[in-house]
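Only one structure is covered here, and it is reproduced in the block below.
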Amino acid sequence: MKSAAAALAGGGLMVFVGWIAMLVALGGGIVSGANNALARVVIATLLKWGVVALGLLVIFGILKWPPLPVLSAVILMVFVYIVANAIPDKVSK
């Protein structure tokens, strides 16, 4: 049961940080210029991986949950994110 909760925590952590990164990168309305847009994406990515590191620290250090299910869920979610972004968008064509 603890392994299932650990896997759920790892997957939930990745969903949460993806949502945070989306809000930071896209949540500010109209951006004035490409430099500002790129800066927001870079800041969102840095914030995302910082929160992932902090979340893993809490899961491993404080909660003492098993690392294999957590890391498996995190790696799987990263893989799913990459595959989802590689699928061509048929709506815009």
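The values are calculated or read from the model by the stated rules, or taken from the named source; none is laboratory data. As the structure is a computational prediction, the values presented were derived from the model and not from experiment. Using ideal geometry, Cβ is built from the backbone for each residue, glycine included, and neighbour counts are taken over all protein chains shown. Heads up: the accessible areas ignore ligands, DNA and RNA and are worked out on the full protein's heavy atoms, side chains in. Shrake-Rupley method; radii C 1.70, N 1.55, O 1.52, S 1.80 Å.
Out of (1) of a type outside the set (Ser, Thr, Tyr); (2) surrounded by 13 or more Cβ atoms within 10 Å (Cβ to Cβ); (3) not in a helix (DSSP H, G or I), what's the single condition that is false for Val17?
The number of the failed condition is (3).
A quick yes/no check of all residues on (1) open to solvent by less than 50 Å² (accessible area, probe 1.4 Å); (2) over 14 Å from Gly10 (Cβ atoms):
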{"site": "Ala44", "(1), (2)": "yes, yes"}
{"site": "Val58", "(1), (2)": "no, no"}
{"site": "Lys64", "(1), (2)": "no, yes"}
{"site": "Pro67", "(1), (2)": "no, no"}
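A quick yes/no check of all residues on (1) free of Cβ contacts under 8 Å to residues at least 12 places away in the same chain; (2) over 10 Å from the mean Cα position of the chain (by Cα); (3) part of a helix (DSSP H, G or I):
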position	(1), (2), (3)
Ala9	no, yes, yes
Gly12	yes, no, yes
Val24	no, yes, yes
Ala39	yes, yes, yes
Leu54	yes, yes, yes
Leu57	yes, yes, yes
Leu71	no, yes, yes
Ile75	yes, yes, yes
Val83	yes, yes, yes
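Mind telling me which of the residues Val51, Val24, Val31 ends up being modelled with pLDDT of 95 or more and open to solvent by less than 60 Å² (accessible area, probe 1.4 Å)?
Answer to the selection: Val51.
Might you check whether a residue that is of a type in the set (Val, Ile, Thr) and farther than 19 Å from Leu76 by Cβ occurs anywhere in the stretch 7-16?
Looking for residues that are of a type in the set (Val, Ile, Thr) and farther than 19 Å from Leu76 by Cβ, one finds none in the stretch 7-16, hence no.
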